Structure formats: C-alpha cells, structure tokens
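Note sheet for the following structure.
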Amino acid sequence: MISRLDSLYPLPAYIIDENLDIQEASAEAIEMFGESVSLFNILERGSHDKAKKWLHPDQGKVKVELNLHQPESSTITLADCYAGWKNEHHGEILVITKNQDTAVISSQLKDLRTRLQDTDIKLLQEKEHAEALLKENNRLSAPFIKVTEDIGLIPIFGTLNEEKVAAVQERILHHVYHTDASQLIFDFTAVNDVTIEGLSQFKALFQTIKILGKHINITGIKPDLAKQLHHLNLPLHMTYQSSLAHMIRKLI
C-alpha cells in the first residue's frame with residue numbers, strides 16, 4: 001500500500017527513491033494514474049531510459065518531459081515532470097500534464113482577450129466622448145454677439161481649420177440670416193493657428209454671407225494670417241481694422 005502524500009499543490013505528486021520506487025503519492029496522482037509501487041509502471045516504455053537518466057539524485061533539480069499512462073491503459077499522457085532531491089533516497093516529483101498546461105494557457109488567453117475587448121470598448125467610448133466634446137467646443141467657438149441693432153460680432157477662437165469651420169458655419173449662417181444687423185465683425189484676435197483648408201472654407205462662408213446682403217468687417221489679423229488671406233483672393237468690399245475697438249468705434 002502506497003502512503004498518501006499530503007501535497008500543497010492540486011497536482012499529481014510523488015516521493016521516490018533512487019530506483020524510482022514510489023514511496024508516497026498524492027491523491028491526485030493516484031486518481032490520475034492509479035496506485036503503483038514503481039514509477040516505471042506508469043511510464044510509457046519509451047520514456048524508461050529517459051527517466052533513469054534524468055530522475056536521478058546526481059541530476060539535482062530538473063524538468064523532464066515524459067509519457068505516462070495508467071497501468072493496463074493504452075492512453076498516453078504527455079507531461080512535464082519537475083524533480084528534486086533531498087538526498088539520494090528521497091526525491092520529489094510534481095507532474096503537470098500537457099493537457100492541463102494547455103487548458104491553463106487557453107483560459108489565460110481567453111481572460112486576456114476578454115480584458116482587451118473590454119479595454120477596447122472603454123477606449124472607444126472615451127474616444128467618442130472626446131470627439132463629441134471637441135465638436136461641441138468647435139461649435140461654440142464662434143458665438144454671435146449683438147453689439148447694436150446694426151452690428152453683430154462673431155469672435156473666432158482657437159485653431160482655424162477645416163473641422164472648425166465645418167462645425168461653426170451652420171451656427172453662423174443661422175444667426176446671420178435671422179439678424180437685422182447689416183454690419184458683421186469677424187474678430188480673429190483669439191485665433192492661434194490656421195490652415196489653408198480652414199481659410200478656404202472661411203472664404204466660401206464669406207461669399208455666402210455676402211449673398212445674404214451683409215457687410216463683412218475683419219479685425220485682429222496677425223501678420224502670418226494676413227499673408228494667407230492675401231493669397232486667397234477674398235471677396236472685395238470687406239473692411240479691415242487692426243483691433244476690435246477701432247472697428248466698433250468706426251462703425252458706431
């Protein structure tokens with residue numbers, strides 16, 4: 001009768017001597033490979049020489065791949081056997097079958113895939129939220145301010161690019177169409193960067209506003225922006241002033 005090994009691990013484990021005779025076996029080992037007095041009884045014949053060589057006190061701590069089976073069974077189980085020796089009469093073996101190993105890895109990969117999917121969904125939601133905030137920020141960056149009955153002020157903020165103009169033009173045209181003001185001031189003082197595409201979009205916006213019968217006044221133009229506006233051949237009959245204060249005094 002083989003003594004029961006009280007192993008800390010829920011895996012097949014053995015205590016053997018230098019002749020590979022089994023001294024103790026864990027409950028998991030007995031359940032998987034049955035009770036046997038010798039390790040040779042549960043080793044597939046082709047693994048005998050390999051076990052003799054590597055499961056020996058002279059080898060110390062080793063990991064060796066062996067084929068195991070239940071006595072009187074034709075089913076072969078490939079396993080990694082981790083062995084170590086306290087002395088020449090006391091060796092300990094922990095058996096991890098490849099099937100178990102693969103199952104653990106598959107489970108870990110499945111968990112990782114699930115976490116990555118959750119992360120992707122969260123990142124997508126955050127991206128959509130950021131895009132919505134940016135779109136709303138762009139939309140609100142060109143408010144319409146009624147200065148007098150005849151003067152409307154539209155200050156432009158931030159970067160003047162194609163996305164910005166696309167976001168604000170509907171709002172601007174709505175106010176322009178419904179206002180009685182005939183003089184519109186576009187103030188570019190707070191614009192920190194511009195793109196050719198953004199200016200081209202603004203040119204089209206100005207042309208539409210002119211069709212609505214409004215006069216366009218432009219203030220706050222920095223030197224770099226002035227050069228770009230010059231190359232765009234903006235509609236004629238537009239008034240320019242260096243500062244908003246000068247423009248308002250002139251119109252009032």
Of (1) in the same structural domain as Lys61 (by TED's automatic domain parsing); (2) at pLDDT below 85; (3) exposed (fewer than 11 other Cβ atoms within 10 Å of the Cβ), Lys86 satisfies every one except (2)
Quick check, is His174 at pLDDT 85 or above and farther than 19 Å from Phe202 by Cα?
no
Condition (residue is in contact with a strand residue (DSSP E or B) (Cβ under 9 Å, 6 or more places away or on another chain), closer than 17 Å to Ile154 by Cα, surrounded by 14 or more Cβ atoms within 10 Å (Cβ to Cβ) and of a type in the set (A, V, I, L, M)) applied to region 224-237: is it met by at least one residue?
no
Does Ala79 satisfy being surrounded by 14 or more Cβ atoms within 10 Å (Cβ to Cβ), at pLDDT 90 or above, in a strand (DSSP E or B) and not acidic (Asp, Glu)?
no
Residue ID - surrounded by the most Cβ atoms within 10 Å (Cβ to Cβ), chosen from residues in region 51-74 that are assigned to a loop (DSSP other than H, G, I, E, B) and touching a residue at least 12 places away in the same chain (Cβ under 8 Å)
Leu55
Among the residues listed as Ile209, Ile221, Ile216, the single one being in a helix (DSSP H, G or I) and surrounded by 15 or more Cβ atoms within 10 Å (Cβ to Cβ):
Ile209
Breaking point among (1) in contact with a Gly (Cβ under 8 Å, 6 or more places away or on another chain); (2) free of Cβ contacts under 8 Å to residues at least 40 places away in the same chain, for Asp21:
(1)
Residue under question is Thr148, and the condition is that it be touching a residue at least 40 places away in the same chain (Cβ under 8 Å) and surrounded by fewer than 17 Cβ atoms within 10 Å (Cβ to Cβ); does it hold?
yes
Collect the residues in region 178-195 that are surrounded by fewer than 18 Cβ atoms within 10 Å (Cβ to Cβ), over 15 Å from His215 (Cβ atoms) and in contact (Cβ under 8 Å) with a residue 24 or more places away in the chain, keeping them in residue-number order.
Thr189, Ala190, Asn192, Asp193, Thr195
Looking at region 196-205 only, could you name the residues that are buried (at least 19 other Cβ atoms within 10 Å of the Cβ) and in contact with an Asp or Glu (Cβ under 8 Å, 6 or more places away or on another chain)?
Gly198, Gln201
Taking region 223-239 and the residues there that are within 48 Å of the chain's Cα centre (by Cα) and either among the polar types (S, T, N, Q) or at pLDDT 85 or above (or both), the one that is nearest to Asp150 (Cα to Cα) would be Asn233
For Thr159, the lone unmet condition from (1) under 35 Å from the mean Cα position of the chain (by Cα); (2) assigned to a strand (DSSP E or B); (3) surrounded by 19 or more Cβ atoms within 10 Å (Cβ to Cβ) is (3)
Residues being at pLDDT below 90, touching a Leu at 6+ places or on another chain (Cβ under 9 Å) and over 15 Å from Ile221 (Cα atoms) - total across region 177-195
1
For region 14-28, check the following and say yes or no: at least one residue is among the hydrophobic types (A, V, I, L, M, F, W, C) and within 15 Å of Ile96 (Cβ to Cβ).
no
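The values are calculated or read from the model by the stated rules, or taken from the named source; none is laboratory data. As the structure is a prediction and not an experimental result, all values here were calculated from the model. A quick note on method: Cβ atoms are made from the backbone with ideal geometry, for glycine too, and the neighbour counts reach across all protein chains shown.
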